[in-house]
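Quick notes on the structure that follows.
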Amino acid sequence: MNLQGVKAIYLAEMARMLRTRLQSIASPVISTSLYFIVFGAAIGTRMTEVDGVSYGAFIIPGLIMLMLLNESISNASFGIYMPRFTGTIYEILSAPVSPFEIVVGYVGAAATKSVLLGLLVLLTARIFVDYEIQHPVWMLGFLLLTAITFSLFGFIIGVWADGFEKLQIIPLMIVTPLAFLGGSFYSITMLPPFWQTVTLFNPVVYLISGFRWSFYGAADVHIGVSVGMTLVFLTLCLLVISWIFRTGYRIKP
């Protein structure tokens, strides 16, 4: 494995985050903090507890997951799209680095950024509400697994997109609505039976439910199912990326 090549791609992507600190770090943290203020203060005063947890603490995993999904996709998609847009992708493809090493560099950097932001938001949440983490190792593992999975998904979007507007279509029109409807601000057990069944077809439910279990030991879906669904999606993303490099889809003339 060409560790120098992976390191070069990884450090270049991490340096981009440091150059755009306001957009890459401050913006998502401030946006998520506003959710804590609005939902925690406005709705939290009317809803005392959900599944035995104060409402302000209950929404923490959902808000972190909402931010994590969007940032993972955004970081990875923009990271691979810019070399395609500027034409420097051909320099990378001609360098002595394999497709696997290219993916590790870009996806590793995107996942690292997302995990750091997730931990930063978690620390920021302490300002607004008290919470506990019953399974910290599971929490970190699930955070990392989700960041890697959706960074891979973002990499696919970055290859597929042929314009800047397409980079935002799936995050804004699909992922964010699914996250809002996936139990970020409520437990799906609060829904009527029919809508509970419909909600189970939303893949984001399993992510939020599993992540919330790591905090409070309570979940809408069994933790094993949540991890299994995430691994299935990760495998699908790997298969698509393998096909992209095998066929040269939108990365080779």
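Read-outs throughout are calculated quantities, based only on the coordinates presented, and are distinct from any laboratory measurement. As the structure is a prediction and not an experimental result, all values here were calculated from the model. Methodologically, a virtual Cβ is constructed for each residue, glycine included, from the backbone with ideal geometry; neighbour enumeration extends over all protein chains shown.
If you wrap the tightest convex hull around every Cα atom of the stretch 1-82 and split its volume per residue, you get 112 Å³. For the stretch 85-162, the list of GluC sites (Glu not before Pro) that fall in a loop by DSSP and count at most 15 other C-beta atoms within 10 angstrom reads Glu132. Ordering Glu71, Glu13 by the number of other Cβ atoms within 10 Å of each residue's own Cβ, fewest first, gives Glu13, Glu71. Taking other C-beta atoms within 10 angstrom as a stand-in for reagent exposure, Leu22, Leu200 fall in the order Leu22, Leu200, fewest first. Each residue, Glu165 and Thr124, gets one label point 7 Å from its Cα in the Cβ direction; the gap between the two is 3.0 nm.
Dipole magnitude for the chain: computed about the Cα centre from +1 point charges on Lys and Arg Cβ and -1 point charges on Asp and Glu Cβ, it is near 580 debye. Local charge for Ile73 was computed over the other residues whose Cβ lies under 13 Å away, with Lys and Arg +1 and Asp and Glu -1, and equals +1.
If you add up the charges near Val204, with Lys and Arg at +1 and Asp and Glu at -1, over every other residue whose beta carbon is less than 14 angstrom from its beta carbon, what do you get? Net local charge, Val204 excluded: 0. Two numbers describe the Cα atoms of the stretch 1-150: Rg and Dmax, which are 18.1, 60 Å.
The ranking of Ser187, Ser98 from fewest to most other beta carbons within 10 Å of each one's beta carbon is Ser98, Ser187. Entry note: the chain has Rg to Rh equal to 0.99, where both radii use alpha-carbon atoms and Rh is the Kirkwood radius.
For the stretch 190-249, the C-alpha radius of gyration divided by 2.2 N^0.38 Å, with N the number of residues, is 1.46.
Taking 24 Å as the straight-line reach from the Cα of Lys166, the lysines in range (excluding those fewer than 8 positions away in the same chain) are Lys113, Lys252. Net charge of the neighbourhood of Met1, taken over other residues with C-beta under 14 Å away and scored Lys/Arg +1, Asp/Glu -1, is 0.
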